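The structure appears right after this line, and notes come after that.
The values are calculated or read from the model by the stated rules, or taken from the named source; none is laboratory data. If you're wondering where the values come from, they're calculated on a predicted model, not measured in any experiment. Neighbour counts run over all protein chains shown; Cβ positions are idealised from the backbone, glycine included. With ligands, DNA and RNA removed, areas are computed over all heavy atoms of the protein, side chains included. Shrake-Rupley method; radii C 1.70, N 1.55, O 1.52, S 1.80 Å.
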Amino acid sequence: QVQLVESGGGLMQAGGSLRLSCEASGTIFSISAMGWYRQAPGKQRELVAAITSGGSRNYADSVKGRFTISRDNANKMVYLQMNSLKPEDTAVYYCNAKPPLPGYWGQGTQVTVSS
């Protein structure tokens with residue numbers, strides 16, 4: 001059974017940093033590229049960063065140069081280091097496979113950035 005648990009969100013002033021963590025269980029982690037997604041109020045969920053099992057990364061243009069995705073294969077963890085946060089980064093952040101597995105979204109972690 002696949003389970004994804006996100007943590008690390010919070011309230012931050014613009015320019016600050018946060019580190020999100022995602023603990024993955026089941027077989028999803030070992031065979032999948034993993035991604036961090038976010039959904040802001042009134043908007044569709046979007047992919048912000050992804051990392052393959054081999055460590056290749058890609059980012060949405062809106063976060064490039066500010067966010068860094070990483071993974072710990074031994075412990076089935078995925079991280080998102082977020083620097084230089086902007087109010088437009090405010091959203092609920094989720095991790096999932098890339099492409100995402102429907103029905104396996106976790107509860108997400110709220111990130112709120114004040115100006």
Q) Counting each DSSP H run of 4 or more residues in the chain as -39500 (n - 2.57), what helix-only mean residue ellipticity at 222 nm follows after dividing by all residues, to the nearest 500 deg cm²/dmol? A) -500 deg cm²/dmol
Q) What is the local net charge at L80, summed over the other residues whose Cβ is closer than 12 Å to its Cβ (Lys, Arg +1; Asp, Glu -1)? A) +3
Q. What whole-number value in Å² describes the accessible area per residue of the range 1-100 for a 1.4 Å probe?
A. 50 Å²
Q: Select from P100, G26, G55 the residue farthest towards the positive end of the dipole of the chain; place +1 on Cβ of Lys and Arg, -1 on Cβ of Asp and Glu, and compute about the Cα centre.
A: G55
Q: Can you figure out the FRET efficiency of Q3 with N83, using R₀ = 25 Å and their beta-carbon distance, to the nearest 0.05?
A: 0.30
Q | Stokes-Einstein D for the range 6-67, Kirkwood Rh over Cα pairs, 37 °C, 0.692 mPa s (µm²/s) | A | 245 µm²/s
Q: Determine the dipole magnitude for the chain: charges of +1 sit on the beta-carbon of Lys and Arg, -1 on that of Asp and Glu, nothing else is charged, the reference point is the Cα centre, and the result goes in debye to the nearest 20.
A: 140 debye
Q) When the accessible area of the chain is split by element with a 1.4 Å probe, what percent falls to carbon and sulfur? A) 48 percent
